[in-house]
1. Suppose the filter is more than 30 Å from E602 (Cβ to Cβ), without any contact (Cβ under 8 Å) to a residue 12 or more places away in the chain and buried (at least 17 other Cβ atoms within 10 Å of the Cβ); does T1025 pass it?
2. What number of residues in segment 241-265 are small (G, A, S) and part of a loop (DSSP other than H, G, I, E, B)?
3. Going by what's in this entry, would S1048 be described as crowded, with 18+ Cβ neighbours inside 10 Å, within 25 Å of V983 (Cβ to Cβ) and not assigned by TED's automatic domain parsing to the domain that holds I165?
4. Give me the helices (runs of 4 or more DSSP H) completely within segment 361-479, filtered to those with at least 2 residues that are of a type in the set (D, E, K, R) and out of contact with any strand residue (DSSP E or B) (no Cβ under 6 Å at 6 or more places or on another chain), ordered by residue number.
5. For segment 402-423, give me the residue count where each residue is out of contact with any Lys or Arg (no Cβ under 6 Å at 6 or more places or on another chain) and either under 30 Å from W1118 (Cα atoms) or surrounded by 13 or more Cβ atoms within 10 Å (Cβ to Cβ) (or both).
6. Would a scan of segment 292-308 turn up a residue that is β-branched (V, I, T) and within 30 Å of T1076 (Cβ to Cβ)?
7. Can you pull out every residue in segment 718-741 that is among the polar types (S, T, N, Q), over 21 Å from D824 (Cβ atoms) and in contact (Cβ under 8 Å) with a residue 60 or more places away in the chain?
Amino acid sequence: MIKRYKVMTLTLRIFSITWVLIFCTFALGWSQSISDIENTKLAPSEGISDILVSRSSQEMSVSSINQIISIDFQDVPLLEAMKQVTNDLGMRLSYSKEVLPIDKEVTVYFENTTANEVIYTLLEGTGLRYAVSEKGSLIIFEHSKELRRVQTYEQSQQSVTGTLIDGNSGETLPGVNVLVKGTTTGTSTDSEGNFELTVESLQDTLVVSFVGYQTQEVPIDGRTQIDIQLSPEAIMGDEMVVIGYGSVRRNDLTGAVSQVSSEDIERVPAVNPLMALQGHVPGMKITPNSGEPGASASIRIRGDQSISGSNSPIFVVDGSITTDIDNINSDDIESVTVLKDASTVAIYGSRAANGVIQITTKRGSSGRDPVFNLHTYSGIQQSSNLDVELLNADEWLRLYTEAHENAEVTPNWTDDDLAKYEGIDTDWLDVIRRTGYQYNTDLSVAGGSEKSNYYISTGIANNKGMVEGLDYSRYNLRLNTDHEINNWISFGNSLNIFTSNTSGSVGQYQRALMKVPLTRNFEDDGGWGIIRNTNLEHQYSNPLWMAQNTASERNQKGLIGNLYLTLTFLDNFEFTARGNMEWTNDYRSNFTPGANPVWQWEDPTTNALSKDNRETLHWVTDFLLEYDKSFGEDHQLSGMLGYSVEEQTYERLYSSGQGTPTNEIRYLNAADPTSITSNNSFSDWAFKSQFGRIGYTYKDKYTLGATVRRDGTSRLDEANRYGIFPSVSAAWRMGEEQFLESVDWLNEFKLRVSWGTVGNVLSIGTYGTQASLTNWNYARNNEAFQGYTLASAVNTDLVWESTEKKNFGFDLEIFDNRIYAIADFYVEDTRDLLFAQPIPNSTGLSGNPYINAGHIKNTGIELEFGYRYQAQNWNYSLGANVTTASNEVIDLEGRDLKTSGIVEGKSLRSFYGYKTNGIIRSEEQLNNNPHRAGKEVGDIWFVDENGDGVVDADDRTILASRYPDLTYGLTGTVGYKKITVNVQLQGIQGITRNLLVGGNLGTLHYFTQFPKNHDRLILDRFHETRNPDGEFPKIDLADTGDNISTASDFWLRDASYLRISNLNVNYDFSTSFTQTIGIRKLGVYTSVHNLYTFTSWYGPEVDTNADELTGVPQPRTWTLGLKVSF
């Protein structure tokens, strides 16, 4: 165990010193940036003579051509040299490839020389001369041409000007090539991204190209001012991919990795960034926990690996390990990278059995003026096309009476009782639901001086839910900085500070589902509705009263961030020390007022309150030594060694009480002292790790990689504390081989293979291998005394679960990178599973100790493919992903867990119960077939599965898997000029869910409990005379046929679905317009989230971890947004 207090003290000192350094450096960098801005003077108007003049006439514009410049060109193409000089002068270059020797290379060096002399030297020996037009262009022409002809040429042509900008960032692009299609006439943009070009006709087409961007053909269409947005060219081989403790070129990547861009995330108006990732990544399934505001989601990457432990991945935010990203501002995210196979996750060792999700947030750029970005949107939330439908008053009373008749029970109400409900039909869902509202605003500024850069943002998110009383708000502040002290020392930080508030409880929504429609919401005098007969209404409290009077608050605040210091030495070595810290305070308070006894509700007449404070501190210190060197042109070697120390502490303080003097006083010191109870708990755990990685690439075609990590944890006994997790991988860029050179349409074809093992430390409790003290009362001298004893059973031989991962994949790009495909096949075997082992009571010990036993296998195929194309004013892109996966229990080492749905040869936690044959619809079917005892006509027909002529518990069997056959996502984008339409689809095929869930809160209780409302599907129940063809079994107060109390496949339904998860329509205003109002970029958009779901599933939600029938469903959100850059 790490000595916590000494390490914490040292860490806090390091943090304090580093923060002081960062503050001082950042302040200096900021003041220098301001100083640079203040000292910058706009150049005086460089008016050019009204006539075109040549060098021989010695009438060049002194303000431009006689500027003093310094250059150093070594074997540089003449065209590139001329572009560089004109860019430095702030001029435009006009030339024709027919006269300019493009292949000619020049080697010249000038220091503090006039541009006039430099240009003359560059053109010396070419027979070319140059001139300056009245519009500031430097024109190259043949010496044999008369100056007058050059003048006439320019005057006879049409002049076209414009600006080139990055379509994503809105930044102007210098040095972009602009050519007239079908000619050799062209120019390039200046340092401000502007260009001027003379053309034969205003009906010509411009061809715009720039390294790293998609080439565009832009028809002039009679315009003389054209603003053009370039889209980055997503060439997979050149992009950088974030991996554990670093990044690599995709060309050098050997593992299974998926990426999601900030653009994809920002299109979805979701408070939680996880919801924006749905359907984007093959092999990753995201399921919302609820439709409540601020609700999180569960994530599975390549299925479930553990029976008793965690199956959730870890998150790494700018290098800081955490377990969720619920409190991160979506607009701060630059990219999301999902690591799936051993070669990418083994570097995280025992944390990574379930995959790793890397979050990279935005940063500033050095040498850039401040750029402000504002993103704001608001919208309304309503029910989607899926909704719950409950019985009205007449239907409920009729069926409730029928349930009594079938049970041969006399209804315990009279006609006089029913007369009290004449005309009452309360729609409790309508009472408790409202139109939700969502509002979000984010403001950021990014920039930097030559030595420092910064990114600062603040965000506000508010969500008023569709259910009365359910609200969520969050505030974020982010500060990311990077500073370079000199060419070998740099440091910086990433910091996210947040506070959030969640109000309300799902209880009022569930109470609205339960309340019968006979109960009044309000009395005639305006008071709350009174219960008149508990045999018809029960005593449930009013859900609207609950929403308006109970107070359930959850306030979270915290920070997550890191500080780093990097030293570069010996050219190829880099050492980084990084301190990561995450602190959260989770404060929860609940207050339930006393109910007026006149209302006859079940709520106590005395108020009750509780306070619950939970504080977590998690810190990690990393030390990394990296090496990267090229040997000649064929060999690339990289390596990394690391050491990490980690600790987390958690403390909880809880207290509750009752009976404050009034409902307005909500403090424990005012409660009845005899009612107060308190509890205080503390836990901590620690890690220590060493790890390394090595990579080698030969001729940019063959790549080998290996990683290893050694983890030690306080969760295990000292003898088993350390585990080693290795991986190896290789990649072959087959498309670079000579035998495929003739395949012109093939741009990239790479094979990948990897193997490795990782662990799951979270499968073990914090003190899973340590005996704990339990308090017991004992008697002495006829008095009770409290003592402590070691009464819990533990297994000190435990080791963590380990997963062996094998992956084979390929990357493919064809037809000028327009079509791409990524495929992966994986096999993952998890061994040493944790099981709770029952022990005899005779041992005198409590609890069931965990042991290691068992084996689970996950296999699957992941496909990701897409198409992208841009032509003239149109651009298209289509991306899709498909995953098919299977889960199988291989070995339980003799244990019988079938009642939990765990059977060898079947998937984990399968549905278990009786197979059925529909409804018993006649006495003949009842008497001539074996049935379970107690079955009657109208009950569900349980099948004699083993054929022994008796239907009993031995006929139960595995019914269906809980895992889908197929998950998929599809994203399509069509853009025309300034308008872009994006559609995201997401779906699951071949998944089974159980309608009969929810317990006492369920809406399929079949009237077997107290009086409460029911789902309308019960209208199609079987009745011998009223509805003999009914789909569902008869209703019966006692459920003598075990129709709902016993698991069977009758209630299992196909829950496959296809969802239009998001539709976004965006319009970007032209640069010419935005410049007139003094901003860089302006865009507006509208979107609809959860637009429509196609499914045969019955209920208000098909994709949720909550009860499908009684959980708050996902809303449909209509949004209008604005993006401004200035």
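The values are calculated or read from the model by the stated rules, or taken from the named source; none is laboratory data. As the structure is a prediction and not an experimental result, all values here were calculated from the model. Virtual Cβ from ideal backbone geometry, glycine too; neighbours counted across all protein chains shown.
1. Details: more than 30 Å from E602 (Cβ to Cβ): yes; without any contact (Cβ under 8 Å) to a residue 12 or more places away in the chain: yes; buried (at least 17 other Cβ atoms within 10 Å of the Cβ): no.
No: the conditions fail for T1025.
2. Summing the residues that are small (G, A, S) and part of a loop (DSSP other than H, G, I, E, B) in segment 241-265 gives 3.
3. On the way: crowded, with 18+ Cβ neighbours inside 10 Å: yes; within 25 Å of V983 (Cβ to Cβ): no; not assigned by TED's automatic domain parsing to the domain that holds I165: yes.
No, not satisfied.
4. It comes to 393-406, 415-419.
5. Qualifying residue count for the region: 10.
6. Looking only at segment 292-308, we keep the residues that are β-branched (V, I, T), and these are 299, 301, 307.
Checking the rest, the ones that are also within 30 Å of T1076 (Cβ to Cβ) come to none.
Within segment 292-308, none of the residues are β-branched (V, I, T) and within 30 Å of T1076 (Cβ to Cβ).
7. Residue satisfying the conditions is N720 alone.
Every residue, every condition in (1) over 30 Å from Q648 (Cα atoms); (2) at pLDDT 95 or above, yes or no:
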{"residue": "Q508", "(1), (2)": "yes, no"}
{"residue": "G526", "(1), (2)": "yes, no"}
{"residue": "N533", "(1), (2)": "yes, no"}
{"residue": "S552", "(1), (2)": "no, no"}
{"residue": "K557", "(1), (2)": "no, yes"}
{"residue": "T566", "(1), (2)": "no, yes"}
{"residue": "R578", "(1), (2)": "no, yes"}
